[in-house]
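Worksheet: one structure, shown below.
The values are calculated or read from the model by the stated rules, or taken from the named source; none is laboratory data. Just so it is clear, the structure is predicted and the values come from calculations on it, not from any experiment. Glycine gets a Cβ as well: all are built from the backbone with ideal geometry, and neighbour counts include every protein chain shown. Just so you know, the surface numbers come from the protein's heavy atoms only, side chains and all, with ligands and any DNA or RNA stripped out. Shrake-Rupley method; radii C 1.70, N 1.55, O 1.52, S 1.80 Å.
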Amino acid sequence: MKIIITGGAGFIGSHVVRLFVKKYPTYEIINLDKLTYAGNLNNLTDINKEKNYRFVKGDITDAHFIQNLFENEKPDAIIHLAAESHVDRSITNPLEFVQTNVMGTVNLLNAAKNIWKDRLGTLERNCLFYHVSTDEVYGSLDEGGFFYETTAYSPQSPYSASKASSDHFVRAYHNTYKLPTVVSNCSNNYGPNHFPEKLIPLFINNIQQKKPLPVYGKGENVRDWLYVLDHARAIDVVFHQGKIGDTYNIGGFNEWKNIDLIKVICRIMDKKLGRVEGESEQLITYVTDRAGHDLRYAIDATKIMEELGWKPSLQFEEGIEKTIDWYLENKTWLENVTSGEYQNYYQEMYEKK
Ligand code: NAD
Ligand code: TYD
């Protein structure tokens with residue numbers, strides 16, 4: 001089986017690529033990535049010489065390039081993760097999110113439909129377009145309730161609107177052209193190789209450097225956190241066992257109010273850095289809230305657990321400690337990704353806060 005994994009140099013994609021390359025030596029894995037600010041081949045140095053792995057640099061918004069690549073490679077499956085993924089950036093530059101997340105996905109769907117035209121409509125599972133999405137498409141919850149696979153879409157940010165749109169196109173291609181598709185919607189991920197503009201890696205980095213921790217609003221927003229390797233394992237399970245045309249929610253029933261989570265990270269880091277208890281919490285700085293900030297996300301993951309037998313392998317306490325250790329042990333990785341374009345963007349964002 002030949003699989004093109006898009007966005008394989010990013011945070012989640014790199015963990016998915018590694019898992020597939022190592023676990024399935026007979027599969028041929030092609031990592032297709034544009035290497036934007038978020039894509040980093042240093043995430044994959046341990047597997048880049050494996051015989052069943054190849055990297056192709058390319059842009060999913062380039063329809064001609066994608067069509068040629070698919071015709072030449074004739075993949076049996078696509079696992080699509082490439083995206084612009086940061087809500088704050090989507091507020092500054094929504095069009096880029098439409099280009100990559102919507103147009104890019106439709107380009108991939110078209111190319112898959114073209115090269116698989118003789119395989120469409122058969123009951124045999126002989127090709128698959130797997131679209132990786134987010135729980136943010138469901139909108140924002142109040143204090144109670146969960147997102148189910150049946151929850152109506154109600155995206156509230158340019159990022160989630162672009163992901164929702166791409167999910168709709170994937171389903172439309174399944175319905176209209178009988179393209180074999182599967183979609184999963186996961187909650188917030190955390191873990192190694194997470195770009196330090198998102199809450200957890202940004203705060204770990206800032207605590208280390210004794211920089212302010214910019215908490216949006218009152219820090220009362222709630223996110224549902226899953227260790228990135230557990231998401232990669234869920235993608236493996238859905239890829240192999242998911243029902244064609246179906247959607248699976250992925251999450252670990254692990255909700256945290258931002259401010260509580262931040263205090264846990266501060267306490268662990270005080271211990272690890274030999275600081276007095278409470279020192280890192282002093283860095284907490286309340287800043288202007290994110291525009292249209294979603295209050296709460298919470299995934300009901302019963303379907304994937306009961307139908308496909310997946311469950312998270314790590315408790316949050318263990319996962320967050322492993323994550324902090326990884327960042328403390330990989331200072332060069334952090335220094336590399338916090339230079340250049342990101343640094344400029346960060347500077348601009350930070351000056352505003
Ligand atoms: P990321 O921003 O870390 O990585 C995105 C990757 O896509 C990068 O390697 C980047 O270079 C690549 N990319 C961007 N534009 C591209 C283009 N035009 N052509 C080719 N490659 C391009 O993102 P992530 O956090 O790893 O998220 C991966 C996927 O999972 C996304 O689709 C995201 O919506 C989804 N998701 C993320 C989370 C999360 O918590 N991070 C949760 C649920 C779902
Ligand atoms: P983030 O990691 O950007 O993920 P998402 O917005 O996709 O859930 O943010 C997680 C939560 O942390 C969200 O409620 C916004 C908040 N946040 C801050 O308070 N300060 C920050 O600097 C960042 C990046 C996020």
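The table that follows gives values for the structure above.
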{"quantity": "Residue in the range 317-337 that is within 16 Å of ligand 2 (Cβ to nearest atom), at pLDDT below 95, surrounded by 13 or more Cβ atoms within 10 Å (Cβ to Cβ) and assigned to a loop (DSSP other than H, G, I, E, B) present", "calculated": "no"}
{"quantity": "Complete set of residues in the range 37-69 that are touching a strand residue (DSSP E or B) at 6+ places or on another chain (Cβ under 8 Å) and more than 30 Å from Lys331 (Cα to Cα)", "calculated": "Ile60, Leu69"}
{"quantity": "Residue within the range 11-33 that is among the β-branched types (Val, Ile, Thr), without any contact (Cβ under 8 Å) to a residue 60 or more places away in the chain, more than 19 Å from Asn107 (Cβ to Cβ) and touching a Lys or Arg at 6+ places or on another chain (Cβ under 8 Å) present", "calculated": "yes"}
{"quantity": "So Ile324, is it among the aliphatic types (A, V, I, L, M), over 18 Å from the mean Cα position of the chain (by Cα) and over 30 Å from Leu179 (Cα atoms)", "calculated": "yes"}
{"quantity": "Any chance Asn175 is at pLDDT 95 or above, polar (S, T, N, Q), more than 26 Å from Gly7 (Cα to Cα) and away from ligand 1 (no atom under 11 Å from the Cβ)", "calculated": "no"}
{"quantity": "Every residue from the range 138-178 that is of a type in the set (A, V, I, L, M, F, W, C) and in contact with a strand residue (DSSP E or B) (Cβ under 6 Å, 6 or more places away or on another chain)", "calculated": "Leu141, Phe147, Val170"}
{"quantity": "Qualifying residue in the range 167-175 (condition: within 16 Å of ligand 2 (Cβ to nearest atom), among the aliphatic types (A, V, I, L, M) and free of Cβ contacts under 8 Å to residues at least 60 places away in the same chain)", "calculated": "no"}
{"quantity": "Residues of the range 1-36 classified as touching a Pro at 6+ places or on another chain (Cβ under 6 Å) and either among the hydroxyl-bearing types (Ser, Thr, Tyr) or open to solvent by 30 Å² or more (accessible area, probe 1.4 Å) (or both), total", "calculated": "1"}
{"quantity": "Pairs where the first residue, in the range 245-262, is modelled with pLDDT under 95 and the second is open to solvent by 20 Å² or more (accessible area, probe 1.4 Å), C-beta under 6 Å, 6+ apart", "calculated": "Gly252/Pro312"}
{"quantity": "The range 74-121, residues that are assigned to a loop (DSSP other than H, G, I, E, B) and under 27 Å from Met1 (Cα atoms)", "calculated": "Lys74, Pro75, Asp76, Leu81, Ala82, Ala83, Trp116, Lys117, Asp118, Arg119, Leu120, Gly121"}
{"quantity": "Meets criteria (part of a loop (DSSP other than H, G, I, E, B), touching a Pro at 6+ places or on another chain (Cβ under 9 Å), within 16 Å of ligand 1 (Cβ to nearest atom) and open to solvent by 10 Å² or more (accessible area, probe 1.4 Å)) for Gly245", "calculated": "no"}
{"quantity": "All positions within the range 81-113 that are of a type in the set (Asp, Glu) and surrounded by fewer than 19 Cβ atoms within 10 Å (Cβ to Cβ)", "calculated": "Asp88, Glu96"}
{"quantity": "The range 37-73, subset polar (S, T, N, Q), buried (at least 18 other Cβ atoms within 10 Å of the Cβ) and part of a loop (DSSP other than H, G, I, E, B), residue nearest to the chain's Cα centre (by Cα)", "calculated": "Asn40"}
{"quantity": "Pairs where the first residue, in the range 282-294, is in a helix (DSSP H, G or I) and the second is open to solvent by less than 70 Å² (accessible area, probe 1.4 Å), C-beta under 8 Å, 6+ apart", "calculated": "Leu283/Asn206; Leu283/Ile207; Leu283/Lys211; Leu283/Pro212; Leu283/Leu213; Leu283/Cys266"}
{"quantity": "Count of the range 154-190 residues which are in contact with a Pro (Cβ under 6 Å, 6 or more places away or on another chain) and either aliphatic (A, V, I, L, M) or outside any helix (DSSP H, G or I) (or both)", "calculated": "2"}
{"quantity": "Enumeration of residues in the range 93-141 that are modelled with pLDDT under 95 and closer than 26 Å to Trp225 by Cβ", "calculated": "none"}
{"quantity": "Hits in the range 162-211 - residues which are open to solvent by 10 Å² or more (accessible area, probe 1.4 Å) and among the acidic types (Asp, Glu)", "calculated": "Glu197"}
{"quantity": "Among the residues listed as Asn193, Asn205, the single one being in contact with a Phe, Trp or Tyr (Cβ under 8 Å, 6 or more places away or on another chain) and part of a helix (DSSP H, G or I)", "calculated": "Asn205"}
